[in-house]
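Shown next, in structure tokens, is the structure this report addresses.
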Amino acid sequence: MDRLKGKIAIVTGTGSGIGRAIAQRFVDEGASVVVADIAGAEEEAAKLGKATVACTIGVSCSADIQAMIRTTTERFGRLDILVNNAGVESKQAPTADYAEDEFDRVIAINLRGVFLGMQYGIPALLASGGGSIINMASIAALVGFPTAVAYTASKGSVIQMTKTAALEYAIQNVRMNAICPGVIWTPMVERFTGGSAAAREQFAQIEPVKRMGTPKEIAAMALFMASDEASFVTGTALPVAGGYVAQ
């Protein structure tokens, strides 16, 4: 416990799944957390307790991200950790049939949203003397997934942005890392399965460990990356995927 004692963190996409688990783990470890989402932020903040502040944002909106950073620094006086977790799944279609507006929607949230978080979060971290940015990528950033051109493009680009920024700010004590979850049992995956037990089992069989991961397992990796234990870790894209990318 207390691995983040006294730290100030922002976690986007806290309304459910991985973002909710990360925010909870950070609070449990002593951080004050700004919980941010397009809906439900107030409810999540109330559940997490007095160490949290809510921000209702759309991550693809520059003004919203700037307001989120400003709220954090005005309320807590600093920023130490930023988790760019908010994202959406994409509709599925072969590349030649993929709708342009759907491609733009996915890129706006999954990629532009991370870029804006970094663009406006980095100055706040520098003003605090350094810190950690954690970007949520995916195993879909590391291998091809047919019919998911927008999603794979967005998540692959998140890794490249993470590496680029890691090099730019390495000597200024701002660490940048990405997490690449495998198949994690979240509302997003539940929507894919349609609540079907057979579909859920099929998803589990994708992983060499023959089960889906949990949001708490991704939160544990985020905790490590956010903590001082990871002081020599920057520019990485780490799969948390039950061995999927080892195949």
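List the helices (runs of 4 or more DSSP H) inside region 157-247, counting only whole elements, that have at least 3 residues being surrounded by fewer than 20 Cβ atoms within 10 Å (Cβ to Cβ) and at pLDDT 95 or above.
In region 157-247, 215-226 are the helices (runs of 4 or more DSSP H) which contain 3 or more residues that are surrounded by fewer than 20 Cβ atoms within 10 Å (Cβ to Cβ) and at pLDDT 95 or above.
Need the failing condition index for Tyr151 against (1) among the hydroxyl-bearing types (Ser, Thr, Tyr); (2) touching a strand residue (DSSP E or B) at 6+ places or on another chain (Cβ under 9 Å); (3) more than 18 Å from Leu238 (Cβ to Cβ), just the number.
(2)
Contact list please: Cβ distance under 6 Å, first residue in region 72-96 and assigned to a helix (DSSP H, G or I), second residue of a type in the set (S, T, N, Q), pairs at least six apart or on different chains.
Close Cβ pairs satisfying both conditions: Phe76/Ser32.
Applying the selection to region 1-23, what residues are surrounded by fewer than 22 Cβ atoms within 10 Å (Cβ to Cβ) and either over 22 Å from Ile109 (Cβ atoms) or over 14 Å from the mean Cα position of the chain (by Cα) (or both)?
Met1, Asp2, Arg3, Lys5, Gly6
If you take the residues of region 1-29 that are β-branched (Val, Ile, Thr) and in a helix (DSSP H, G or I), which of them is nearest to Lys47 (Cα to Cα)?
Val27
Does Ala31 count as free of Cβ contacts under 8 Å to residues at least 12 places away in the same chain, of a type outside the set (D, E, K, R) and in contact with a strand residue (DSSP E or B) (Cβ under 6 Å, 6 or more places away or on another chain)?
no
The values are calculated or read from the model by the stated rules, or taken from the named source; none is laboratory data. Because the structure is a prediction, the values reported are computed rather than measured. Glycine also receives a Cβ, built like all others from the backbone with ideal geometry; neighbour counts cover every protein chain displayed.
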